[in-house]
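Below: the structure, in structure tokens.
We did not get these values from a lab; they are worked out from the coordinates using the rules stated. This structure is a prediction, so every number in the text was calculated from the model and none was measured. FYI the Cβ positions are ideal-geometry reconstructions off the backbone, even for glycines, and counts take in every protein chain you see.
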Amino acid sequence: MSVFSYLQKYLKEILLFLVFAITAFLMINYNFWLMGLIFLVIILIYVLSYKLEWGLYLMVLFYPFIDWQIYLTSEINLPPVDLLAIILAIAYVVSIIRNNKIFQTRFPFLIPFLLFFVVCAISLLSSYFVETNLKYLFRPILFVYLMYVVLPYNIVTSKKVLFRVLGIMVFWGVIISLMSLASLFLNYGESHTFLRAKPLTFGNFQPLGSNQNLLAELLITIIPLGLILIQRYKKYSNYFYFLIVGTALMVLTSLLTFSRASWLILCMQFFVLLFFILPVFYQKQLYLKKLRDFFVNYFWILFIMVIPFVIAMWQLMHSQIISSSNANRLFQWQIGWEMFKSQPLLGTGLGSFISILNRDPYYFYEFGMNLEAHGLILKLISEVGLLGLIAFTVFLLTILISSLKLLAKLKKESFKFFTLSCLLLSAFSIVIFQLFNTSYYTAKMWLPLGILIVGYKIYDLSRAK
């Protein structure tokens, strides 16, 4: 191939590379260390543009660590998963330009999402912090949809890639469970705290955060994915037993967090699995017989095993820790309710909750650092009002109803039915958890939603063929 032919073939890539390089040079004020780092990122973008799924694997690898913040400047910080998502998005753009597929990008469930996005934008008109909160509209609202729904949807085109993604998530779930169980022994001598599984920290470095809820919300998302892999690899004894033990460890660790939301969702998962998924997956009559035998022979063992956990949870529920937590949440709801009453349709503006909470000296004096709204519903009604709550509910219901319709058509294809059911259980477990927590606009909630939508696409297309 002549030099001219080579240049002609790769002209778009060379031009894109030069644009990135010149932009980087102009922005870094001759900081040669930073220049080298940016050139490495450019090389990574170039490589990933040929292997987009590698970028997705990297993203999934870092998705649990949303409390690990990388400071690009004194004012701009983001977790590694967000940074990798941006790099992958640029690589994706390079790839579609190279392959002349610019207009082939698909935006799943775009109309219901746009409905929510528009309501969020309009809500800013009632905000006292428009300039600050305008950023919130693009990151996280638009950002999480594009990075964790649109990107995976367009990158994952085969079951092999999907199951590799699930494998990475389950692998991390097992490792994090082991690390968190180790934290029980490391904290055993701390008599002033209730002994529970928490994320293992390394000095001041807390990539998973320090709160048990941050651990619990991760594990309850991954447990259903472990069940998928157990079924997929049941003929491979080494993988099968590892997955059985690993999934059991995740369930045990979730219980030992003594997170109320985690326990509630584990019960919901058990109920859905037992009475809605497994009866379809197995022959119904055979399943009912096995279920009856299980309850007759083993239920009393399960009951005895659960008693110590229930006693410990009862003690925790009557402790000062829970009283303080309840008071915090109650006070937040009082503030949020006042915000909702002042602007019931559109709220006080997207991203305004913390700014308004900061104005209350009593809250800071009583509870310390101001936290994000504890619960997705509180966040929505206070900031984007009733219209925002309805719009976001429509978005989630559209995904749920579409998945349930496809499941009804997959009942005769047992493994596909089981896989999509567990993907749905995983995604909506984390959504339900966010009714009580604060990770609603992060990769922790939106990546499982994106993976569910990918599964929906793959099994819908396979059925169409």
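Some notes on this structure:
- Gap separating the Cα centres of segment 98-136 and segment 393-465, nearest whole Å: 22
- Global size of segment 315-371 as Cα Rg and Dmax, reported in angstrom: 13.2, 41
- Ordering of 213-226, 350-363 by burial proxy (mean other Cβ atoms within 10 Å per residue, highest first): 213-226, 350-363
- A Cβ-based charge dipole, computed about the Cα centre of the chain with Lys and Arg at +1 and Asp and Glu at -1, lands at about 2160 debye.
- The chain: Cα Rg divided by the 2.2 N^0.38 Å rule of thumb: 1.05
- When you work out D = kT/(6 pi eta Rh) for segment 178-248 at 20 °C and 1.002 mPa s, using the Kirkwood radius from C-alpha pairs as Rh and the Stokes-Einstein form, the result is 155 µm²/s.
- Gained length - ASP460 relative to SER414, 0.36 nm times residue gap less alpha-carbon distance: 15.1 nm
- Computed over all pairs of different Cα atoms, the Kirkwood value for the hydrodynamic radius of segment 108-226 is 17.8 Å.
- Eigenvalues of the alpha-carbon gyration tensor of segment 397-465, scaled by 5 and square-rooted, set the equivalent ellipsoid semi-axes at 24, 11, 9 angstrom, largest first.
- According to the Cα-based calculation, Rg over Rh for segment 346-465 is 1.13, with Rh computed by the Kirkwood formula.
- The fewest-to-most ranking of LYS51, LYS379 by surrounding Cβ atoms within 10 Å reads LYS51, LYS379.
- Here the peptides 112-118, 65-71, 310-316 are ranked by packing, the mean other Cβ count within 10 Å, and the order with the highest first is 112-118, 65-71, 310-316.
- Taking the alpha carbon gyration tensor of segment 64-149, multiplying each eigenvalue by 5 and rooting it gives semi-axes of 25, 21, 11 Å, largest first.
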